[in-house]
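The values are calculated or read from the model by the stated rules, or taken from the named source; none is laboratory data. All values derive from a computational prediction rather than experimental measurement. Positions of Cβ are backbone-derived with ideal geometry, glycine not excepted, and every protein chain shown enters the neighbour counts.
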Amino acid sequence: MLEKALTLSADFVATGHYARKSELITYNLQLTTYKLLRAKDKDKDQSYFLWMLNQKQLRKILFPIGDYTRKEVENLARKFKLPVLKAKKSVEICFIKTTINDFLSNYLKSKPGQIVDVRSKVLGEHGGLHFYTIGQRKGIGLPGGPYYVLNKDLKKNLLIVTKNERNLYKKELTAKNVNWISGKKPELPMRMKVKIRYRHQLASAVITKILNSKFYILKFVQSQRAITPGQSVVFYQNQKLLGGGIIC
């Protein structure tokens with residue numbers, strides 16, 4: 001959308017994300033560095049989704065509601081009689097009008113397979129691995145539970161489950177496709193706060209880079225539940241979003 005707007009000679013693109021931006025100007029170098037910050041409303045903060053942005057993009061993006069709480073935004077909408085107040089609050093993905101599973105069924109072909117435990121004992125059958133997430137408890141459909149989704153073997157099309165929730169906790173992850181908002185890799189190792197999913201509480205971790213590779217290792221102070229390959233892992237320092245990557 002940003003690229004399209006710029007081809008139409010737009011000066012900026014304003015987005016409805018709850019996030020903030022600040023500028024740091026180095027006068028002697030005539031250089032402006034843009035920082036991406038968490039929103040004023042920490043419960044609505046959406047900076048987690050913006051870790052892939054770079055300096056060139058941030059220069060052209062505005063976050064007009066980032067300095068307001070959700071309540072303040074609603075009051076402004078009421079004051080200016082904006083129709084957005086009548087819209088229902090989204091509880092899943094905001095741009096689809098059905099459940100996630102129904103949405104996926106329209107685009108992905110289901111491939112049933114076996115559900116197994118950590119000892120490879122067959123417990124039942126799943127309807128397609130894309131319907132399940134690591135840590136999921138509801139909807140597995142096995143008697144004698146509760147069971148939790150522990151892993152997904154994509155090559156063998158196996159859904160691996162466990163009854164022991166402790167098996168979901170890990171203290172380390174590997175990240176790929178890492179992007180640093182500043183455009184420069186910071187001095188490592190570095191202690192930071194980390195989110196492994198949108199609603200995840202910020203957790204303390206130390207990040208290091210694997211030598212001669214593009215992969216990074218994050219070691220948490222405390223074990224984290226349901227670290228999920230394919231999800232975004234996002235790095236923070238106080239209010240500033242440093243960057244992020246994809247969990248391997």
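Among the residues of the stretch 177-210, the ones that are touching a helix residue (DSSP H, G or I) at 6+ places or on another chain (Cβ under 7 Å), under 18 Å from I246 (Cβ atoms) and not in a strand (DSSP E or B) come to 1 in all.
Quick check: anything in the stretch 114-132 out of contact with any Cys (no Cβ under 7 Å at 6 or more places or on another chain), loosely packed, with under 13 Cβ neighbours inside 10 Å, modelled with pLDDT of 95 or more and polar (S, T, N, Q)? Yes, that holds for at least one residue. If you go through the stretch 39-58 and keep only what is over 20 Å from E74 (Cβ atoms) and over 11 Å from the mean Cα position of the chain (by Cα), you end up with L53, N54, Q55, K56, Q57, L58.
Give the stretch 118-154 a look and list any residue that's over 23 Å from Q231 (Cα atoms) and part of a loop (DSSP other than H, G, I, E, B), or say none. Give the steps one after another, and end with the answer.
Quick first cut of the stretch 118-154, residues over 23 Å from Q231 (Cα atoms) only: 119-125, 141-146.
Hits for the stretch 118-154 are R119, S120, K121, G141, L142, P143, G144, G145, P146.
The residues of the stretch 155-164 that are within 14 Å of A226 (Cβ to Cβ) and touching a residue at least 24 places away in the same chain (Cβ under 8 Å), listed by number, are I160, V161, T162.
Which one is surrounded by the fewest Cβ atoms within 10 Å (Cβ to Cβ) among residues in the stretch 138-191 that are among the aromatic types (F, W, Y) and within 24 Å of the chain's Cα centre (by Cα)?
Y169
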